Amino acid sequence: MIPAPDELKAQGIKVLGISGSARQKAGMSKSEKILLQALDMAKKFGAVPHFIRLQELKIYDCEGHYSQDPGYCTYPCQDSMKYEDDQMQLVYNAIFDTDVLILATPIRWNNHSALMQKFVERMNCIENSDVWFGKKLIKDKVAGLIVIGHVDGVQHVAGNLMNFLNWLGFHMPQDMITSWVGPNDEDTTKDWDEIQKNPYTQEDLENMVHGILKLASDLRNSKDLRGNKDY
């Protein structure tokens, strides 16, 4: 088990949870329920939680401006400027403001959800601003993942999203993934009870929260020591 973070050091750390489930109502998604548990756990250590449900926002598809010219795929996103009712800027602002980002997704045919993929593609302008133009927008931030589903796919989904987060510039601690894989019978009516009873998933959740808060605390302390200078 990863030891609990120092509450004094964890005070005020901002933790953003983003749910990529397409379930229509609050409380229906199991990955989202685990995400809310993680935010509650972080709050008990003095962290400040914030929650976004992608399903509730109007976010346009990435239109692939990078394919025409990398210079067209920088922040602010071309699609945000093109569509006045696009709400992806709310997500950008929340990510820029947070210390920790936790993404939660169900497994969909051995992959993350379509909503999460839309989010990933719309974040390309953030990554491209750094890679092509040296404008690093993600600094001293920590990431965690929640991935659940049936049969298998956790490692594939987690690997894809960890690669994405790495390219954006997020730091990832040991045990930054909370996961659950259901049985082959795919009887989803029993899932939530099984998730709550599963000692490995509960241990994953505790380790993830402890790990991300400890790393975020260390990064904040390091930032204070170096006087906000980037090296």
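The values are calculated or read from the model by the stated rules, or taken from the named source; none is laboratory data. Small disclaimer: the values here were computed from a predicted structure and weren't measured. Every residue, glycine as well, gets a Cβ built from its backbone with ideal geometry; the counts of neighbours run over all protein chains shown.
Odds and ends about this structure:
- Taken over the range 140-177, the residue count meeting the criterion of being surrounded by 14 or more Cβ atoms within 10 Å (Cβ to Cβ) and assigned to a loop (DSSP other than H, G, I, E, B) is 9.
- Odd one out for residue 1 among (1) touching an Asp or Glu at 6+ places or on another chain (Cβ under 8 Å); (2) not in a loop (DSSP other than H, G, I, E, B): (2)
- Helices (runs of 4 or more DSSP H) within the range 4-93 that include 1 or more residues touching a Phe, Trp or Tyr at 6+ places or on another chain (Cβ under 9 Å), modelled with pLDDT of 95 or more and under 28 Å from residue 196 (Cα atoms): 7-10, 30-44
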